[in-house]
1. Please list, ordered by residue number, the helices (runs of 4 or more DSSP H) wholly in region 1-96 having 3 or more residues that are without any contact (Cβ under 8 Å) to a residue 12 or more places away in the chain.
2. Give the residues of region 498-513 that are hydrophobic (A, V, I, L, M, F, W, C) and under 11 Å from A463 (Cβ atoms), sorted by residue number.
3. With the checklist (1) of a type in the set (A, V, I, L, M); (2) at pLDDT 80 or above; (3) assigned by TED's automatic domain parsing to the domain that holds F302 in hand, flag the one item A463 doesn't pass.
4. Any residue at all in region 128-140 that's crowded, with 22+ Cβ neighbours inside 10 Å, farther than 19 Å from L309 by Cα and of a type in the set (S, T, Y)?
5. Here is a check on your reading of the model: is L309 closer than 20 Å to I50 by Cβ and either without any contact (Cβ under 8 Å) to a residue 24 or more places away in the chain or of a type in the set (A, V, I, L, M, F, W, C) (or both)?
6. Residue check: is L258 surrounded by 22 or more Cβ atoms within 10 Å (Cβ to Cβ), assigned by TED's automatic domain parsing to the domain that holds G429 and more than 24 Å from W192 (Cβ to Cβ)?
7. Return a yes/no flag: does region 183-203 have any residue that is closer than 20 Å to E268 by Cβ and polar (S, T, N, Q).
Amino acid sequence: MESIQIAVLVIVAITAASALAPRIGIASPLVLLAVGMVVSLLPFTPEFVIEPEFILSGLLPPLLYSTAVNMPTMDFRRDFRTISGLSVLLVVVSSLVLGGLFTLLIDGIDYPMAVALGAIVSPTDAVATSIARRLGAPSRVVTVLEGESLLNDATALVLLRTAVAATGAGVSAAGVLGDFVWAVVGAVSIGWLVGAVLLRIRARIEDAAVTTAISFTVPFLAYLPAEHLGASGLVAAVTAGLVTGHGRAKHLGPRQRLSDHQNWRTIEVLLEGVVFLAMGLEVSALVQDVEETTDGGVARAFTLAAVALVVALAIRAGYTATIVLMERRRERRSPQVREAIDRWRSQVEHSRHPRAARSRRRLRRVAADIDFYDASRFGRGEGLVLVWAGMRGVVTLAAAQTLPTETDGRSLLVLVAFFVALISLVVQGGTLSVLVRLLGLAGREQESTQEWEQLDARMLEAANEVLDDADPTDQAQLLRERVTQKAEDDAHDRDVMNRLRLQIIERQRRMLLHERSLGTFSSAALGRMLARLDADELSIDLRRGDEA
């Protein structure tokens, strides 16, 4: 009974924070973090220690899956080079540099354990970067942040395991590289298989509630076998989410997609709230333990965390500067590349070579990518947001708690990790919206009217193709009479019209998916149009159900 009461109070706190946060201009995760901290410091609150396995295995897989399933794979592909660099190279460099810093600042810590702590505080957090999305950061920056935070856990956790193992026995560079390659490649393979198979199984089930229930198992069905085989379970869950998100418009019906979206959004809000509330509730136990066992107590842990965060941000700023320089170089080369593409396209435009169609498709895709980069330039302002929005969060705290219990000064290391996450969330998360506004990036990305008109024209073309293919004396003629002459409304006419309209919707959806594969239109415009088709199809199904 007590557990039920606690669960109800937690849900009430999460929903209240979610409703209050927009009114006071503070992200709801920060509100919940503050509530947890205040409650933990009350004298009658019992000591709260969260099991790291609960976060790593119970909360993070569905949270990362939920983020991945809603990420536009087209945008993820376009910025994959940047995302992979931030997820691997930046984490490795940050861990090694911070490891050297911690050996200087923490007495008695050896370099492998210092690198382990560096790996703990280096990765950004998918839950934490949701704050950036809500506060209006540019969409391309949010895509890079979310992609980075979805993948950098593998790098950080492999480094952590390796560094901890190195404290007791030697490890080889080849072994570290092999572990990392398997952690990623194995996880991607398992996640892709789980996502693809379950997506096709769900496509055969019409009941939206049943398919949504199956979707709740997907992140765990990807996570568990990957972890069992020594790969990264979190990357497997992310991969399954990307596969599902990319394929659901093709394989699932509108009821299934709507049910998925609503239910997963609810789960995301609740789990995200639990994560931040739990972070705040742990403060009391960590503070008490450090005060009793460490010279300098909490003040020392806070100072170490602040220094570490400043160094980590400096490293991130240096790496981001190279990203901005690479983007400028790409901008300078853009006219030459575009000219070369136009030249190649003219050469294969009327070719009858068996591979000509594939070449035309690839060239259209490259041209669309160039248009995207030109329209969503990654300048100095976006770089500053990318640096400041790279917040640490619950993964940092959960990873710290996986340190062996016999580690010297373990409580201090865990509290340092907690303070890094806390300072990052409060300072960076609390000022991110101000930075975005000062840089003039807030609300800058509005949907292009010209793009929407072009997409609307393509929708009309797809509809006309269905009408042209139909028998003019049957369905198409009836529809034209209904529109122009307002023919008598009867059940047969309505049924014919509904079937014709569903054929048009199906043709338009295939066209949108084809355009998505080419990248011709923005993911926002395509998503909005796909949602409109889903609404039309659901409306037709409801009308047919009422008539039956």
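The values are calculated or read from the model by the stated rules, or taken from the named source; none is laboratory data. Just so we're clear, the structure is a prediction, and the values are computed from it rather than from any experiment. Virtual Cβ from ideal backbone geometry, glycine too; neighbours counted across all protein chains shown.
1. Details: elements: 2-24, 28-40, 60-69, 73-78, 80-84.
The helices (runs of 4 or more DSSP H) meeting that bar are 2-24.
2. Restricting attention to region 498-513, the residues satisfying the condition of being hydrophobic (A, V, I, L, M, F, W, C) are 500, 502, 504-505, 511-513.
Across region 498-513, the qualifying residues are L500, I504, I505, M511.
3. (3)
4. Yes; the residues of region 128-140 include at least one that is crowded, with 22+ Cβ neighbours inside 10 Å, farther than 19 Å from L309 by Cα and of a type in the set (S, T, Y).
5. Details: closer than 20 Å to I50 by Cβ: no; either without any contact (Cβ under 8 Å) to a residue 24 or more places away in the chain or of a type in the set (A, V, I, L, M, F, W, C) (or both): yes.
No: the conditions fail for L309.
6. Working: surrounded by 22 or more Cβ atoms within 10 Å (Cβ to Cβ): no; assigned by TED's automatic domain parsing to the domain that holds G429: yes; more than 24 Å from W192 (Cβ to Cβ): yes.
For L258, the condition - surrounded by 22 or more Cβ atoms within 10 Å (Cβ to Cβ), assigned by TED's automatic domain parsing to the domain that holds G429 and more than 24 Å from W192 (Cβ to Cβ) - is not met.
7. no
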